[in-house]
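Report on the structure given below.
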Amino acid sequence: MNNIEIERKYLVNSDIYLQLATEHHELCQGYLCADGKRTVRVRIKDDQGFLTIKGKGNGISRFEWEHPIPADDARQLLQLCLPGQVSKTRYIVPLQDTLKVEVDVFHGDNQGLVFAEVELPSEDYPLTLPEWLGKEVTGDPRYYNSYIAAHPFNIWND
């Protein structure tokens, strides 16, 4: 089992992804731990719960362990999370080969924030980006969901 997530993040230049998306999901998540060295996330995706542990990593690659749990258990665990939760709609857009772009459109206190993630099979994987993806923000901690939960987009100054 490979527990390394290799991911790059980008800002989104237009809403063309809405026409290209083949599916979308509603997500709500909170953090039991977010101390900079690790995060422990509780997520409900549609009607399925997940418990995820992520390590710090190097910006592109990091340890990730995820396990499905019953949605009722996830709802109970969300009550134990640190202040601030993230609510978003995730749009899935096919890319090259078997890759896909996950576009996250945030709600609530993060309304107006939209960025995309692409999971890669290796750090040096050759990636051709669609023109609707903009500036790369991989490694910028402001775009970690754990940061967004604690520092909502509506209070950002830049």
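The values are calculated or read from the model by the stated rules, or taken from the named source; none is laboratory data. The model shown is predicted, which means the values in this text are computed figures rather than measured ones. Note that each Cβ is placed from the backbone with ideal geometry, even for glycine, and that neighbours are counted across all protein chains shown.
A few remarks follow.
- Pair list, Cβ under 8 Å, 6 or more apart: the stretch 126-150 residue without any contact (Cβ under 8 Å) to a residue 24 or more places away in the chain, other residue assigned to a loop (DSSP other than H, G, I, E, B): ARG142/HIS151; ARG142/TRP156
- If you go through the stretch 58-93 and keep only what is under 24 Å from GLU23 (Cα atoms) and in a loop (DSSP other than H, G, I, E, B), you end up with PRO70, GLN85.
- Screening the stretch 131-148 for residues that are over 17 Å from GLU119 (Cβ atoms) and of a type outside the set (Ser, Thr, Tyr) and picking the one that is farthest from the chain's Cα centre (by Cα) gives GLU131.
- Test for ASP104: is it surrounded by 13 or more Cβ atoms within 10 Å (Cβ to Cβ) and within 13 Å of the chain's Cα centre (by Cα): yes
- Every condition in (1) at pLDDT 95 or above; (2) surrounded by fewer than 15 Cβ atoms within 10 Å (Cβ to Cβ); (3) among the β-branched types (Val, Ile, Thr) is met by THR98 except one, and the failing one is (1).
Residue-by-condition table, conditions (1) within 21 Å of VAL40 (Cβ to Cβ); (2) modelled with pLDDT of 95 or more:
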{"site": "VAL105", "(1), (2)": "no, yes"}
{"site": "PHE115", "(1), (2)": "no, yes"}
{"site": "ASP124", "(1), (2)": "no, no"}
{"site": "LEU133", "(1), (2)": "no, yes"}
{"site": "VAL137", "(1), (2)": "no, yes"}
{"site": "PRO141", "(1), (2)": "yes, no"}
{"site": "ASN145", "(1), (2)": "yes, yes"}
{"site": "ASN157", "(1), (2)": "no, no"}
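- So GLU119, is it over 11 Å from the mean Cα position of the chain (by Cα), surrounded by fewer than 18 Cβ atoms within 10 Å (Cβ to Cβ) and either charged (D, E, K, R) or on the phi > 0 side of the Ramachandran plot (or both): no
- Unmet criterion (only one of (1) surrounded by 15 or more Cβ atoms within 10 Å (Cβ to Cβ); (2) modelled with pLDDT under 95) for ALA149: (2)
The rows are residues; the columns are (1) more than 30 Å from ASN157 (Cα to Cα); (2) of a type in the set (A, V, I, L, M); (3) in contact (Cβ under 8 Å) with a residue 60 or more places away in the chain.
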| site | (1), (2), (3) |
| --- | --- |
| ARG90 | no, no, yes |
| GLY108 | no, no, no |
| GLN111 | no, no, no |
| ALA116 | no, yes, yes |
| GLU123 | yes, no, yes |
